[in-house]
Amino acid sequence: MEEEVKRLKPLPDVLRRLFSLSGNLCYFPGCGQSMIDPSGKFVGQVCHIEAANTGGERFNGKMSNEDRRSFDNLMLLCYPHHIETNDTVKYDVPSLKKMKEKHEKIFSDDLIANKILLSLKDYTKESSFQKVSNLKNLYKTVFAKNYETAEDELNDAVNAFNSSIAKYLSLTPYSRKVFACGIARSNHPYKLYRIDNDSLYVDVAEVCRAFGRETDDSDIHNSFNEIIAKNLMLISEVNIHEDYEVDRLVYTNCLDHNEYDLNIWLLLKNYCEKSQTDIRNYLNDLNFSDLDD
C-alpha cells in the first residue's frame with residue numbers, strides 16, 4: 001500500500017545537528033543572518049530541499065515521509081532566502097544539496113579532535129595556496145565598470161592579498177575557523193555607526209554564539225589573541241559620539257611596516273557580497289583563481 005504523503009516535524013536530534021553545523025548562520029552563500037537572535041529566539045526557517053507536501057517546490061514522490069524530514073533533506077535559511085530558493089529553476093535539488101554541503105563543511109570539524117591533531121603535527125608548515133596574479137576580476141566586480149585601476153595599484157593589491165593570505169595560513173586550524181566565522185559576520189562601520197573608513201568590525205560575543213559557546217569561551221578568545229598576535233587584527237576605539245567610545249576588533253591587513261594602504265579583507269568581502277559567494281569558502285578551499293582575470 002502506497003504511503004500517504006504527510007508532513008512530519010523534524011526530529012529533535014536532527015534539529016540539533018542542523019543548528020550545530022549551521023554555525024548559527026543562514027546556509028545561503030554570503031548571508032550573515034543569524035538563526036537564533038541575541039535574545040535566544042529562533043528566527044530562521046527549517047527548509048526542505050525536496051518538499052514535504054505534494055505540490056511543493058522540488059517535491060519527490062519517490063521519497064518516504066521519513067526521508068523528507070531527514071537531516072539530508074533539511075537546511076536552515078533566513079526568510080528572504082527561503083523565498084528566493086523557491087525558484088526551482090535557479091535552485092534545483094543538486095544546487096541546494098551543494099549549498100548545504102559547502103556550508104556544513106565549514107563547521108564540521110570537531111574541536112577536541114582538532115586539538116589532538118594539533119598536538120601531533122604542525123599544520124601551518126603544510127598549508128599552501130596558489131597566489132593571485134592580477135585581481136582584475138575582483139576589481140571589476142567590486143567597482144563600477146568604468147573604474148580605471150592603475151597598474152601600480154593592482155600590483156600593490158596583489159602583493160597585499162598574497163601577504164595577507166600567507167599570514168592567515170600561519171594561524172592554527174581552529175583559529176582559522178574563528179577568523180573565517182568572524183569575517184563572515186563582520187560589519188563595515190558605516191552600517192553600524194555611520195563612520196566611513198576601510199575597516200571591518202567584528203563582535204567576539206557574536207562569534208562565540210555562532211560556535212554555540214558562552215561569550216567568555218576561552219578557546220575562542222585565545223584564538224582571537226593569536227589572530228591579533230599575527231597582526232591580522234587589532235583593537236580599535238570607535239567614537240560613537242562625543243562622549244561615548246567602544247572597543248571593537250578590526251580586521252586589517254596589519255602587514256609589516258604598513259606596506260600597502262588598502263584593506264584586502266574589505267575588498268574580498270565586498271566581492272563575495274556582489275558575487276553571492278560565502279567568503280568562508282575561499283578561506284577554507286584556498287582557491288582564489290576566479291579573482292584573477
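The values are calculated or read from the model by the stated rules, or taken from the named source; none is laboratory data. Worth saying up front: this structure is predicted, and the values here are computed from it rather than measured. Quick reminder, even Gly has a Cβ in these numbers, built from the backbone with ideal geometry, and neighbours come from all protein chains shown. Note: areas computed on protein heavy atoms with side chains; ligands, DNA, RNA excluded. Shrake-Rupley method; radii C 1.70, N 1.55, O 1.52, S 1.80 Å.
The figures follow:
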| item | result |
| --- | --- |
| In region 27-44, the residues that are assigned to a loop (DSSP other than H, G, I, E, B) and more than 18 Å from the chain's Cα centre (by Cα) | 38, 39, 40, 41, 43 |
| Pairs where the first residue, in region 85-97, is over 16 Å from residue 29 (Cβ atoms) and the second is open to solvent by 60 Å² or more (accessible area, probe 1.4 Å) and assigned to a loop (DSSP other than H, G, I, E, B), C-beta under 6 Å, 6+ apart | 86/57; 88/57 |
| Sole exception among (1) outside any loop (DSSP other than H, G, I, E, B); (2) open to solvent by 20 Å² or more (accessible area, probe 1.4 Å); (3) modelled with pLDDT under 85; (4) in contact with a strand residue (DSSP E or B) (Cβ under 7 Å, 6 or more places away or on another chain) for residue 238, by number | (2) |
| Within region 10-23, tally of residues that are surrounded by fewer than 23 Cβ atoms within 10 Å (Cβ to Cβ) and closer than 18 Å to residue 213 by Cα | 7 |
| Residue among 159, 187 that alone is modelled with pLDDT of 85 or more and surrounded by fewer than 19 Cβ atoms within 10 Å (Cβ to Cβ) | 159 |
| Failed item, numbered, when residue 47 is tested on (1) open to solvent by 40 Å² or more (accessible area, probe 1.4 Å); (2) outside any loop (DSSP other than H, G, I, E, B) | (1) |
| Hits in region 266-285 - residues which are loosely packed, with under 15 Cβ neighbours inside 10 Å and of a type outside the set (Asp, Glu) | 274, 276 |
| Of the criteria (1) part of a strand (DSSP E or B); (2) on the phi > 0 side of the Ramachandran plot, which one residue 75 fails | (2) |
| Any hit, region 193-208, residues being open to solvent by 70 Å² or more (accessible area, probe 1.4 Å), at pLDDT below 85, of a type in the set (Phe, Trp, Tyr) and more than 17 Å from the chain's Cα centre (by Cα) | no |
| Among the candidates 138, 96, 74, 111, residue that is at pLDDT 95 or above, closer than 21 Å to residue 184 by Cβ and of a type outside the set (Asp, Glu) | 96 |
